[in-house]
Amino acid sequence: MHFLDNPPPFLFFTGKGGVGKTSIACASALRLARAGKRVLLVSTDPASNVGQVFGQTIGHAICPIAAVDRLFALEIDPQAAAQVYRDRIVGPVKNVLPAAVVRGIEEQLSGACTTEIAAFDEFTALLTNPALIADYDHIVFDTAPTGHTIRLLQLPGAWSGFLDANPDGASCLGPLSGLEKQRTQYHAAVDALADPARTRLVLVARAQASTLREVARTHQELAAIGLGQQHLVINGVFPAEEAGDDALAQAIVRREAAALAQLPAALAALPQDRLPLKPFNLVGLAALEALLSDAVQPGAVPATVAPLPAGTSTLAQLVDGIAAAGHGLVMVMGKGGVGKTTIAAAVAVELARRGLPVHLTTSDPAAHLGETLGEAVPALTVSRIDPLAETARYRDEVLASKGRDLDAAGRALLEEDLRSPCTEEIAVFQAFSRVIREAGRKFVVMDTAPTGHTLLLLDATGAYHRDMVRQMGDKGLHFVTPMMQLQDPARTKVLIATLAETTPVLEAAALQADLMRAGITPWAWVVNQSVAAAGARSPLLARRAQNEAREIDAVLTRHATHVALLPLLAQEPVGADALAALARAN
């Protein structure tokens, strides 16, 4: 494996959600530990599942992996980090300022921006703690999905630049208040990330055209902020010799070969490894060791594929229940890489073909709605919440209103505050709220960002909701906040997307638990790209189908009352006709 040749102290594994970067990061940490190195494995993913891979609880403090000498792990918990950050800021003033002022400060610190800053705070501490670095030969980072990773890695430069240009920029006790003390730490983190002797970044992708285009953009964006020491790992490549006479397997081999033949030039120049698709779930030490070797984990090839559990529906049958209301919000949520964009587009096309007005939109920074939908569809409009455009619009609106009557000094201070990276949170939330309001007269289908992003976005709606309740609660006025709409099953239907594999199902269940704690009850699950539903015959696919049947049964019996099952297709469902066919496939 080229990406593990002479590894530097810091190894980052990043890429689009669902490409297998957690599995590869865990397998790499395991291999280094088996080679006698002392290794710390760190997840910075808000939807981390490292503990599930190793079969033990890890959590927010460094702990040893019980079955592996010299291997330790840590999951950075954004919520726990945010609470520590809040306590650090609010604690010194809690008994000094009036209670109402303290409550206002706490409200400022309740949103998504604080959560991101706090997680970043811990991330940089790992890169700059001399004692910690001296204690380990390698620190392996399993980073969050691509959009979040770029945001995280850009923050050192963004925050340092903001503080350099605005030494008095944190004009109130808001999310930025705790940053000034960390200035030296942030500069040191930037230096560590940009030093090839200390840091190697491993881009993980699948042999799919859209994924490879996205990872090429990631490569260029990371190189632009100084992370030039990069390797490429293409994971889960279907071995041609395993296809046999199975038409589906042959189609997958041809599709992947075409994607790899057209590898973007920016990626072709990188050192590259290709890992074959394995027939087993990547959970447990034996599976992790087999991932980076040519050996196939022992396991009998089933003579026949187990029958699918009864009780699943087609996506079109789910849409029957959605369409009955005539309008409403449909949110497709889940871990990155499970096909949320395709599912959202298929639901929107199916609704539009029934003559219902539909607005299909996305809050995903790595969205591919245009590529998936293809041509225009009558009764269907398409949009994307673009963070950069929304932030620019928000700044202009604030300067035109609040800045209109300010003198030069006051306007300069307002412009300074609007340069804060936290401004983006407010702007995106406003766009999200505008889209939600449309659901009162038409269907709005939202392809959400990967799980961690979505939870941060919903946290912003929660902060707004609490602020509205506090302001309006004693005035007897009727109001509906975005969070109240998300919590109302008559207004909103949440579809959780997953794959029929152990880790995605566990992550989807964790997402459902988080949503229910926020008072949002998912309406249905969609199990996407099922080999078992496709009737595959090749030995490799037959073993994967056998594993899938157990996971589909778990979804039906433990997690969901409405379940749609979508088969893995020989051709990717691109274009309105293909999406309509997918909605009816079973």
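G51 is checked against (1) in contact (Cβ under 8 Å) with a residue 12 or more places away in the chain; (2) part of a loop (DSSP other than H, G, I, E, B); (3) over 19 Å from F120 (Cα atoms); (4) out of contact with any helix residue (DSSP H, G or I) (no Cβ under 7 Å at 6 or more places or on another chain) and fails just one. What number does that condition carry?
Failed condition: (2).
Please give the number of the condition A412 fails out of (1) at pLDDT 80 or above; (2) not assigned by TED's automatic domain parsing to the domain that holds P482.
(1)
Checking V42 against (1) of a type in the set (A, V, I, L, M); (2) modelled with pLDDT under 85; (3) not in a helix (DSSP H, G or I), only one condition comes out false. Which one?
(2)
Answer yes if at least one residue in region 355-362 is of a type in the set (S, T, Y), more than 20 Å from A578 (Cβ to Cβ), assigned by TED's automatic domain parsing to the domain that holds H562 and surrounded by 15 or more Cβ atoms within 10 Å (Cβ to Cβ), and no otherwise.
The answer is yes; a qualifying residue exists.
Restrict the check to region 2-22 and report whether at least one residue is in contact (Cβ under 8 Å) with a residue 40 or more places away in the chain, loosely packed, with under 15 Cβ neighbours inside 10 Å and assigned to a helix (DSSP H, G or I).
Yes: region 2-22 contains one or more residues that are in contact (Cβ under 8 Å) with a residue 40 or more places away in the chain, loosely packed, with under 15 Cβ neighbours inside 10 Å and assigned to a helix (DSSP H, G or I).
Among the candidates A29, A61, A73, which residue alone is in contact with a strand residue (DSSP E or B) (Cβ under 8 Å, 6 or more places away or on another chain) and in a helix (DSSP H, G or I)?
A29
Condition check ((1) touching a Cys at 6+ places or on another chain (Cβ under 7 Å); (2) buried (at least 24 other Cβ atoms within 10 Å of the Cβ); (3) not assigned by TED's automatic domain parsing to the domain that holds L282) across all residues:
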position: I24; (1), (2), (3): no, yes, no
position: A33; (1), (2), (3): no, no, no
position: L40; (1), (2), (3): no, no, no
position: V53; (1), (2), (3): yes, yes, no
position: F72; (1), (2), (3): yes, no, no
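Within region 55-70, can you find the residues that are surrounded by 15 or more Cβ atoms within 10 Å (Cβ to Cβ) and either on the phi < 0 side of the Ramachandran plot or touching a residue at least 60 places away in the same chain (Cβ under 8 Å) (or both)?
Q56, I58, H60, I62, C63, I65, V68
Given the conditions (1) surrounded by 19 or more Cβ atoms within 10 Å (Cβ to Cβ); (2) out of contact with any Asp or Glu (no Cβ under 8 Å at 6 or more places or on another chain), which single one is not true for S538?
(2)
With a cut-off of at least 3 residues that are modelled with pLDDT of 85 or more, in contact with a helix residue (DSSP H, G or I) (Cβ under 9 Å, 6 or more places away or on another chain) and charged (D, E, K, R), name the strands (runs of 3 or more DSSP E) lying wholly within region 126-245.
In region 126-245, no matching strands (runs of 3 or more DSSP E) lie anywhere.
The values are calculated or read from the model by the stated rules, or taken from the named source; none is laboratory data. The structure presented is a predicted model; accordingly, all values stated were derived computationally and were not measured. Every residue, glycine among them, receives a Cβ derived from its backbone with ideal geometry; neighbour counts consider all protein chains shown.
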